[in-house]
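A.B. asks: Got a structure here, written out as structure tokens. Questions coming.
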Amino acid sequence: MIAGRDPGSVFADISKITAALKLPPGVVLAEEGERRDMEESLGYALQALAMGVIFIYMILAAQFRSFTQPLAIMVALPLAFVGVFLALWLTGSTLNMFSVIGIIMLMGLSAKNGILLVDFINQARREGLERSAAIIEAGRVRLRPIMMTSLAMIFGMLPMALGGGEGAETRAPMAHAIIGGMITSTLLTLIVLPVVYSYLDGLRQWLRRRLAPTGNSKHVA
């Protein structure tokens, strides 16, 4: 029975059946056609996912002129993966090429929440606020735009996630991945990112003190 199922789950069942077969010597089963095309496309999508993470870090490092602040921003990515796999499991979807495409889209959407927070924190600190006060103010001011953009994306994906028709079972995993990832990344980023930012900023200040010249090398006449 393959009606209403995505190709990934169908091919997984076929692989289980063929793995249990006892073939005579010299006979092998080769996967060709659509199955091979899907595996190649999934491999390319995973490569694009890895390259996307690298390029996001490089762009953020250049924008913020820091190697540690992009790490605080990118903490939203693993938080988004929690929601992705949870949503796929709850809806019975599979991790296929379309859900990976949804994860690639989700990387930029998740990182923007961190960018809004970290940029406001840096601006507030330049204006004289202490680190903890700047973090609290950033959470208060940036909460509304973060929630508005996240909810707009979630509700925009609902028609694809709930829609029917031909090919809906193929497109739905992408919407499920985006919705689940946006929910967890939005909620957890507001809690986890300030903590990570504080620890990384403390580490950066500690390294600056350690590497700074002591200035005690004056010779007494």
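The values are calculated or read from the model by the stated rules, or taken from the named source; none is laboratory data. All figures in this text were calculated on a predicted structure; none of them were measured in a lab. Methodologically, a virtual Cβ is constructed for each residue, glycine included, from the backbone with ideal geometry; neighbour enumeration extends over all protein chains shown.
A.B. asks: Looking at Met148, is it within 23 Å of Val82 (Cβ to Cβ) and at pLDDT below 90? Steps first, please.
C.D. replies: Numbers: within 23 Å of Val82 (Cβ to Cβ): yes; at pLDDT below 90: no.
Criteria not met by Met148.
A.B. asks: Would you mind telling me which numbered condition in (1) at pLDDT below 75; (2) assigned to a helix (DSSP H, G or I); (3) not basic (Lys, Arg) Tyr44 fails?
C.D. replies: (1)
A.B. asks: List every residue pair whose Cβ atoms lie under 8 Å apart, where the two residues are 6 or more positions apart in sequence or sit on different chains, the first residue falls within the stretch 68-84 and is in contact (Cβ under 8 Å) with a residue 12 or more places away in the chain and closer than 9 Å to Gly180 by Cβ, and the second residue, located anywhere, is surrounded by 23 or more Cβ atoms within 10 Å (Cβ to Cβ) and among the hydroxyl-bearing types (Ser, Thr, Tyr).
C.D. replies: Going by the 8 Å Cβ cut-off, the qualifying pairs are Ala80/Ser110; Ala80/Ser185; Gly83/Ser185; Val84/Ser99.
A.B. asks: Only one residue in Leu203, Leu207, Leu129, Leu211 is aliphatic (A, V, I, L, M), modelled with pLDDT of 90 or more, more than 30 Å from Leu86 (Cα to Cα) and more than 18 Å from the chain's Cα centre (by Cα), so which one is that? Even if it seems obvious, please write down each step before you answer.
C.D. replies: Values: Leu203 fails: modelled with pLDDT of 90 or more; Leu207 fails: modelled with pLDDT of 90 or more; Leu211 fails: modelled with pLDDT of 90 or more.
Unique residue meeting the criteria: Leu129.
A.B. asks: Report whether or not Leu88 is aliphatic (A, V, I, L, M), at pLDDT 85 or above, over 14 Å from Gly181 (Cα atoms) and touching a Pro at 6+ places or on another chain (Cβ under 7 Å).
C.D. replies: no
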